[in-house]
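One structure below.
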Amino acid sequence: MTNLCAAPEFAPAATLSPYRFFPRLGMFVLATLIVFLAAVPEVLFVPADMQAYLTFTATSGITALVLLALFAWQYRSDARAQWRGHCIGKPLKWGALGIIGSYLLFGVAILVLGLPREVFMAELLDGLNNWQAMVKVASLIVLPPIAEELFFRHYMLRLFPYENSRAWTWIAIIVTSAVFAGMHIQYGNWITVALIFACGGVFAVARVVSGGLLVPVLLHSLAEIVALTTDKSFAQMGLYG
């Protein structure tokens, strides 16, 4: 991996903090419980007729808030620095190019293979008026990136001693990206899953290189915007198979 910044993750081993698996495992288990329990308030408290447009607000919003609180508690003395990382500009620029490039290849694959539109995307805004659609789209762009990057690119990534060697870095990137893609079961086309895996790889590399979560969160939000724009454009131009 080519360093875009002088990242402490690749400092000499003598300067690294010792890797402690069980504390990291405990935090991951706690984060996992938060992710799965976050769906409960939507079922119990959000009226059925509002769930269509408040689903991301109720689930990802609660997950993001609680995981942010857990992150702030975990790094009580320097949470802001841990969130921001040590390098933003270059990882953000190259990550954005990686996301846009991945979606360009995805678009070419759709045209060449004649793939149909994803049902999830086609039904995303069905039955919603303008302001309901705006609420759902805004929450999709903001909340899942925070919740998912905290879970996958922080708590899951830290299960691996990725700070200690390039081999572990790539293992962590590949495994977390594969799980990230596998968790998006709402999609049916294999090429969409491959795209999500590629985006997950970009997010994970950005996490490692930047040393924080701000850059992958911003890239994730960009991916959501590009996905919505690409899907809408392809549907309007009749480019789906």
### Task
Looking only at the range 122-171, count how many residues are open to solvent by less than 30 Å² (accessible area, probe 1.4 Å), closer than 19 Å to Ala58 by Cα and in a loop (DSSP other than H, G, I, E, B).
1
### Query
Picking from Pro144, Pro161, Pro216, which residue would you name as being touching a residue at least 12 places away in the same chain (Cβ under 8 Å) and under 17 Å from Val35 (Cα atoms)?
Pro144
### Message
Take the conditions in contact with an Asp or Glu (Cβ under 9 Å, 6 or more places away or on another chain), part of a helix (DSSP H, G or I) and within 23 Å of Leu104 (Cα to Cα) and apply them to Val202. Does it pass?
### Response
no
#### Entry: the range 89-121, residues that are hydrophobic (A, V, I, L, M, F, W, C), over 14 Å from Ala223 (Cβ atoms) and open to solvent by 40 Å² or more (accessible area, probe 1.4 Å)
Trp94, Val108, Leu111, Val112, Leu113, Val119, Phe120
### Task
Determine which member of the set Gly211, Gly201, Gly188, Gly238 is within 26 Å of Ala72 (Cα to Cα), open to solvent by 10 Å² or more (accessible area, probe 1.4 Å) and over 15 Å from the mean Cα position of the chain (by Cα).
Gly211
### Matching entry among Ile174, Ile196 (being in contact with a His (Cβ under 6 Å, 6 or more places away or on another chain) and either in a helix (DSSP H, G or I) or crowded, with 23+ Cβ neighbours inside 10 Å (or both))
Ile196
### Query
What pairs come up if the first residue lies in the range 22-45 and is touching a residue at least 40 places away in the same chain (Cβ under 8 Å), the second is basic (Lys, Arg) and open to solvent by less than 50 Å² (accessible area, probe 1.4 Å), and their beta carbons are under 7 Å apart, counting only those six or more places apart or on different chains?
Arg24/Arg158
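The values are calculated or read from the model by the stated rules, or taken from the named source; none is laboratory data. In this text, all values refer to a predicted model and were calculated from it rather than measured experimentally. So basically every Cβ, Gly included, is an ideal-geometry build from the backbone, and we count neighbours across all protein chains shown. Calculation scope for accessible area: heavy atoms of the full protein, side chains included, ligands and nucleic acids excluded. Shrake-Rupley method; radii C 1.70, N 1.55, O 1.52, S 1.80 Å.
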